[in-house]
Amino acid sequence: MNPSSFEREQTVAVEAVREAAKLCQAVQADIDGDVLEKKDRTPVTVADFGSQALICRTLRAAFPDDPIIGEEDSSALRTAENAAVLDAVTRRVQALRPEADRDAVCRWIDYGNAREYADRFWTLDPIDGTKGFVRGDQYAIALALVVDGRPHVAALACPNLPDDLDDPTTTGQVCTAVRGGGARRVPAVAGNGAAEAIHASAVADPAEGQFCDSFVSAHTSHDTALVVGNRLGITKKPIRMDSQAKY
């Protein structure tokens, strides 16, 4: 596969998650209980719906024939009891897309409701790590293009992830890749820096390694990791964070 054949898809994917990250960061900065509970009791915020609306709008405009499988749908927002939530989502989206209204926001969200199999489709988690997002910690916006059952393009926005874990003053990056073309990271805000190649750690001695696991113990066996770490001679404290940012 020639990675350059997916250059436009990668560019659009990065632009889409960057725009969604702006909305998510604005919501996280002053989150005040804008949390809705879905039937499975997963907390869903205004940012989840706004993020999906923006990304699906961008993908539909660029690739109108591509189905999108997202996590949210607008049915909960359309109910009378959640009218205030829909208004909040619409205001957040309008801050970036002034042409948006309530109907447009619901329509954009529902672009992500594809369910039938396709040889080529996009898949989206508008906010992975919602608990971390609500808590003000790490979260990710995960987008991928799947072709013939294999991911070919990916863009993972980590708005709170520092470039250097030892220097948390610089935050916000998008990790992106095209199959066969390597992976790189770019700033979450366009124009804030150049792309940088990323690669696996060069550490060869297990004792010099470090675990990165889930912040929530229900998602990771912290006790088992401790036992394994002791056997390997690992002394560094684990890095714990929510969402796919850890990967």
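The values are calculated or read from the model by the stated rules, or taken from the named source; none is laboratory data. For clarity, every value in this text was computed on a predicted model and none was experimentally measured. Note that we place each Cβ from the backbone using ideal geometry, even for glycine, and neighbour counts take in every protein chain shown. Surface areas here come from the heavy atoms of the whole protein model, side chains and all, with no ligands, DNA or RNA. Shrake-Rupley method; radii C 1.70, N 1.55, O 1.52, S 1.80 Å.
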- prompt: Could you state the number of Å between the C-alpha centres of region 122-136 and region 45-86?
  reply: 14
field: the chain, relative contact order [Cα under 8 Å, separation at least 6], %
entry: 18
task: Among DSSP beta bridges whose residues both lie in the chain, state the antiparallel percentage, nearest 5.
output: 85
- prompt: Which residue fluctuates the most in the chain, going by a Gaussian network model with Cα springs under 10 Å, if the choices are Arg92, Arg179, Arg115?
  reply: Arg115
- prompt: Who wins for biggest fluctuation among Val203, Val12, Val27 in a Gaussian network model of the chain, springs between alpha carbons below 10 Å?
  reply: Val203
- prompt: Across the Cα atoms of region 56-162, what radius of gyration and what greatest pairwise Cα-Cα distance (Dmax) are found, in Å?
  reply: 14.8, 41
Cα-centred dipole magnitude for region 1-106, charges only on beta-carbon of K, R (+1) and D, E (-1), debye, nearest 20: 100
- prompt: GNM, the chain, Cα, under 10 Å: largest mean-square fluctuation among Gly50, Gly233, Gly129?
  reply: Gly233
statement: If N is the residue count of the chain, its Cα Rg over 2.2 N^0.38 Å rounds to 1.05
field: For region 71-122, with +1 on Lys and Arg beta carbons and -1 on Asp and Glu, the positive-most of Tyr111, Ala100, Ser75 along the dipole
entry: Ala100
- line: Computed about the Cα centre, the charge dipole of the chain from +1 Lys/Arg and -1 Asp/Glu charges at the Cβ has a magnitude in debye, to the nearest 20, of 140
message: Counting heavy atoms of the protein chains only and a 1.4 Å probe, report the per residue accessible area for region 95-215 as a whole number of Å².
response: 52
query: Ranked by accessible surface with a 1.4 Å probe, highest first, in what order do Lys38, Lys246 come?
result: Lys38, Lys246
message: Under the rule of at least 5 residues apart or a separate chain, name every residue whose amide H is placed under 5 Å from the amide H of Cys212.
response: Ile239
query: Residue by residue, what Karplus-based ³J(HN,Hα) values in Hz, rounded to whole numbers, does region 118-130 have, using 6.51, -1.76 and 1.60 with θ = phi - 60° and x for Gly and Pro?
result: 9, 5, 9, 7, 9, 10, 9, 10, x, 8, 9, x, 4
